[in-house]
Each structure stands twice: as structure tokens, then as C-alpha cells.
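The values are calculated or read from the model by the stated rules, or taken from the named source; none is laboratory data. Here the structure is a predicted model, which means the values were calculated and not measured. Using ideal geometry, Cβ is built from the backbone for each residue, glycine included, and neighbour counts are taken over all protein chains shown.
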Amino acid sequence: MAIFLREEDIVRLLPINKAIEMVEQGFKEQGNGTGVNLPRERAQAGSIGVTMMVAALGERGVAGFKTMGAGKPLVLLYGGEPRQLLAVMEAGSLGQIRTGAASGVATKYMARENASSVGIIGTGNQAITQLSAVCAVRPIRTIKAYSRTQERREEFCRTMSDSLGIEVLPVSSGQEAVQGTDIAIAITNVRTLEPVILGDWLEPGMHINAAGANSLARRELDDAAVTRCSIIVADAVDQAKIECADLVMPADSGLLIWDTVLELGQVVTGKTSGRTFTKDITLFESQGIALEDVAVAAHIFERAKAEGAGETLPF
């Protein structure tokens with residue numbers, strides 16, 4: 001019978017290091033062709049709507065979907081022999097952790113190996129796992145953080161300094177956060193096409209994780225930032241084409257050719273490189289895909305069954 005797992009179960013069963021490992025395995029399946037991910041679908045009629053995200057991992061033997069509408073997002077996981085519903089999971093924390101893990105995987109393959117400094121724009125809940133994941137894959141020694149509300153960014157910096165054991169410094173502008181760092185992270189709740197990272201701020205050798213905007217009405221990088229990048233990788237190019245304004249806008253202007261945008265699965269499997277030269281500026285555009293949700297959900301389910309966690313569902 002299927003089990004139901006709550007947010008507290010997810011947080012306990014999915015540490016960031018394991019999430020990075022599971023998401024990396026999911027992208028290996030993407031790159032090898034054994035994983036299938038469908039672009040996010042949004043159905044809206046007046047004031048009511050629902051979002052669906054679907055993926056299957058053939059090698060892992062699981063499939064599932066995430067649904068979002070009113071209330072908490074949920075992930076439903078299928079698998080086993082015979083095929084059956086395995087688990088229903090509250091997915092707020094799951095989404096937060098797997099988004100950070102995807103940036104961790106991208107950083108592992110795209111940032112310089114000696115990258116030691118991070119600048120982050122955005123200090124909400126998603127920023128927590130972004131920093132945790134990057135620190136798990138690179139020897140980070142300094143972090144700068146900016147968000148629009150001074151009180152919020154100072155509180156975030158205190159909390160993350162204690163959590164990571166690394167001094168996280170609040171700064172007064174996005175430019176100050178980004179300039180002079182090896183890794184830049186944009187994880188904002190921006191609701192406009194006003195970018196938060198500009199090309200003039202970038203320096204040779206930098207890696208960028210842009211993970212906060214997944215709508216054609218939201219943008220984190222300007223055209224100059226995108227065109228300065230030697231290597232651009234998306235979690236899923238088909239999804240990026242319909243909701244990544246950072247890439248769609250320069251592509252529509254003839255500044256970017258979609259055929260040059262890689263998928264993270266290609267990089268993880270070694271079919272292409274995430275960094276060719278030390279001075280390359282590299283960019284990971286994260287839209288957040290179901291493949292990531294299913295990859296971590298499979299691990300959560302296995303851990304839960306081994307520990308006897310969760311509530312048994314009557315079907």
C-alpha cells in the first residue's frame with residue numbers, strides 16, 4: 001500500500017548531499033536517454049488553475065508527477081512490480097531542496113574546481129539550499145548576499161553563517177554581491193523583466209546559476225550577461241524555450257541560437273563539457289523540472305520504507 005509523507009519527513013530523509021547525488025543520477029538518465037521529462041503544463045481558467053510536471057526514470061524504475069494549485073504542492077511516485085502508487089509526498093521542502101541540488105550538480109560540472117567565493121542575489125527560503133548545495137561541491141570560503149530588504153538579508157546572513165560555518169556578508173547592491181566572486185547565484189522572486197544581474201558585472205572564469213525565474217514575464221539576466229557566457233546549460237531546453245525569459249528574449253533578438261544551449265544531462269554524462277577554458281563564463285539556467293522531483297522522491301520513498309516512516313494510505 002502507498003504511504004503519505006509530510007514535510008517534516010522530507011526534510012529529515014533528504015539531506016542536501018544525498019539530494020545532489022540523486023539529482024545527478026536523474027540527469028545521467030536524461031543524458032543517456034533512459035529518463036523522460038515533460039515540460040511543465042499550466043491549465044488556467046479564470047481564477048482556478050493547476051500546474052502539472054511529469055517524468056519517468058527508466059533505469060531507476062520509477063515515474064511520477066508533481067501537481068501545484070491551491071495549498072501544498074504534492075508529488076505522487078509510481079513504481080514497483082506490479083506497477084503501483086508508491087507514495088504521496090508533500091513537496092514544498094522537496095522542491096526547495098531539489099532546486100538547490102540541481103544548482104549543486106551544475107556547479108560541480110561547470111564552475112572552476114578552485115572556485116571559493118559566492119555572490120547570491122535573493123535571500124528567501126530557496127537561497128538556503130542554493131548556498132548549501134554550492135558549498136557541498138566547491139571549497140567555498142567567502143559569501144556575499146543581497147536582497148532588497150536590509151533586515152531580511154542581515155537575518156539571512158546570520159542564519160547561513162551559523163549553518164555553513166562560513167561568514168556570509170550582507171551587501172548593499174546586487175553589483176556588490178556579484179563582482180569579484182567565482183560563482184554568482186540569482187534566486188529571486190522578481191516579478192518583472194527588470195534583470196538583477198548585468199553583463200557588465202561579470203568577470204572571466206565566473207559561473208552563474210540562475211534559478212529564480214520560470215516565466216516569460218520574469219527575468220534575472222540581461223542580454224549582455226547571456227551573450228558573455230561561453231557555455232549555457234539548461235535543465236531542459238524544451239522547457240526553457242517556453243518559460244525562460246533570460247534565454248527567450250536574446251534568442252528572439254537574434255543574440256542567442258537555441259542549438260548552442262546544452263542540457264545538463266549532456267554535461268553530466270560527459271557528452272559535452274560544462275567548461276572548456278579557465279576564463280569561460282558559464283551559465284546554468286534552472287527552470288525546475290519533474291525529473292529532479294522524481295529522482296529525489298525515489299530516494300525519499302526508499303528511506304521511508306526502510307525506516308517505517310510515513311502514514312499508510314487506504315489504496
Checking residue 215 against (1) surrounded by fewer than 19 Cβ atoms within 10 Å (Cβ to Cβ); (2) more than 16 Å from the chain's Cα centre (by Cα): exactly one of these is not met. Which one? (2)
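Results for (1) assigned by TED's automatic domain parsing to the domain that holds residue 116; (2) under 19 Å from residue 280 (Cβ atoms); (3) at pLDDT 95 or above, shown as yes or no for each residue.
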| residue | (1), (2), (3) |
| --- | --- |
| 186 | yes, yes, yes |
| 190 | yes, no, no |
| 199 | yes, yes, yes |
| 202 | yes, yes, yes |
| 211 | yes, no, yes |
| 225 | yes, yes, yes |
| 228 | yes, yes, yes |
All helices (runs of 4 or more DSSP H) inside region 236-311 with 2 or more residues being more than 20 Å from residue 100 (Cβ to Cβ) and either in the same structural domain as residue 114 (by TED's automatic domain parsing) or out of contact with any Phe, Trp or Tyr (no Cβ under 6 Å at 6 or more places or on another chain) (or both): 237-243, 245-252, 290-307
Would you point out which residue out of 111, 115, 102 is surrounded by 20 or more Cβ atoms within 10 Å (Cβ to Cβ), touching a helix residue (DSSP H, G or I) at 6+ places or on another chain (Cβ under 7 Å) and either in the same structural domain as residue 283 (by TED's automatic domain parsing) or among the aliphatic types (A, V, I, L, M) (or both)? 102
Do the conditions hold for residue 92, that is, is it touching a residue at least 12 places away in the same chain (Cβ under 8 Å), surrounded by 24 or more Cβ atoms within 10 Å (Cβ to Cβ) and farther than 13 Å from residue 291 by Cα? no
Residue 29: surrounded by 24 or more Cβ atoms within 10 Å (Cβ to Cβ), in contact with a Leu (Cβ under 7 Å, 6 or more places away or on another chain) and outside the structural domain of residue 204 (by TED's automatic domain parsing), yes or no? yes
Checklist (1) within 26 Å of residue 291 (Cβ to Cβ); (2) surrounded by fewer than 19 Cβ atoms within 10 Å (Cβ to Cβ) applied to residue 268, failing item: (2)
How about region 2-117: which strands (runs of 3 or more DSSP E) wholly inside it have at least 2 residues that are at negative phi and touching an Asp or Glu at 6+ places or on another chain (Cβ under 6 Å)? 35-45, 48-57
If you go through region 219-235 one residue at a time, how many are in a loop (DSSP other than H, G, I, E, B) and either out of contact with any strand residue (DSSP E or B) (no Cβ under 7 Å at 6 or more places or on another chain) or not small (Gly, Ala, Ser) (or both)? 6
Among 38, 13, the single one that is surrounded by 14 or more Cβ atoms within 10 Å (Cβ to Cβ) and over 18 Å from the mean Cα position of the chain (by Cα) is 13
Tell me which strands (runs of 3 or more DSSP E) are completely within region 123-218 and hold 2 or more residues being within 24 Å of residue 248 (Cβ to Cβ) and among the small types (Gly, Ala, Ser), or say none if there are none. 183-186
